[in-house]
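A.B. asks: What follows is a single structure, and I will ask about it in a moment.
Where a number appears in this text, it was derived from the coordinates with a stated rule and is not lab data. Everything numeric here is computed off the predicted structure, so don't read it as measured data. Reconstructed Cβ throughout: ideal geometry from the backbone, glycine too, with neighbour counts over all protein chains shown.
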Amino acid sequence: MLERYRGAKNKVFLSGADAYALRCAYVHEGGGKVLYHRAREAVAHFYLVAPPSEDGIGVHNCLAEDTLILQVNIFCRDMIDAVGRWSNDVRSDQAVQQRLQSLLEIHDMTDGLTLLAWPSKALR
């Protein structure tokens with residue numbers, strides 16, 4: 001399964017379990033230390049780096065001992081691409097499509113706030 005969603009990268013250091021551990025650490029603790037999370041497999045720490053300046057050198061998907069270094073813009077693009085491939089794979093799965101209808105959406109406000117998309121008071 002990992003092969004399907006990882007794209008054209010040569011080496012993947014971030015397993016599904018480690019990604020879930022990162023999600024838990026970040027959401028619940030605001031950090032990147034996953035050493036004591038039950039879900040983790042190989043990575044103990046995450047180190048996120050900003051994109052380099054024009055003349056700088058980028059570092060992404062590098063494992064230094066038990067710390068995974070991820071360049072945040074590439075990591076986000078990798079996740080977006082993987083979700084796109086997954087979405088294509090499950091397009092005919094009606095159960096998944098039904099659950100996708102309840103996802104939180106980001107609305108475009110270029111032309112102002114569209115009240116038709118605003119949830120009713122009963123739903124808030």
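A.B. asks: Can you list the trypsin sites (Lys or Arg not before Pro) in segment 11-69 that are in a DSSP coil and have 16 or fewer other beta carbons within 10 angstrom?
C.D. replies: On the way: sites: Lys11, Arg23, Lys33, Arg38, Arg40; in loops: Lys11, Arg38, Arg40.
Here the trypsin sites (Lys or Arg not before Pro) that fit, given the DSSP loop and packing criteria, are Lys11, Arg38.
A.B. asks: Taking the beta-carbon count within 10 Å as an exposure proxy, list Ile57, Ile74 from fewest neighbours to most.
C.D. replies: The most exposed by this proxy come first: Ile57, Ile74.
A.B. asks: Between the DSSP loop rule and a limit of at most 13 other Cβ atoms within 10 Å, which chymotrypsin sites (Phe, Trp or Tyr not before Pro) in segment 8-102 are left? Please report the intermediate quantities before stating the final value.
C.D. replies: Numbers: sites: Phe13, Tyr20, Tyr26, Tyr36, Phe46, Tyr47, Phe75, Trp86; in loops: Phe13, Tyr36.
Passing both the DSSP loop test and the Cβ count: Tyr36.
A.B. asks: Can you work out the Karplus-derived ³J(HN,Hα) for every residue in segment 35-45? Use 6.51 cos²θ - 1.76 cosθ + 1.60 with θ = phi - 60°, whole Hz, and x for glycine or proline.
C.D. replies: Calculated HN-Hα couplings, in order: 3, 9, 7, 4, 6, 5, 10, 10, 8, 9, 9 Hz.
A.B. asks: Please work out whether segment 1-87 counts as rounded, prolate or oblate from its C-alpha gyration tensor, where a ≥ b ≥ c are the square roots of the eigenvalues and a/c under 1.5 means rounded, while otherwise a/b larger than b/c means prolate and anything else oblate?
C.D. replies: Working: a/c = 1.60, a/b = 1.11, b/c = 1.44.
Taking the square roots of the gyration eigenvalues as a ≥ b ≥ c, segment 1-87 is oblate.
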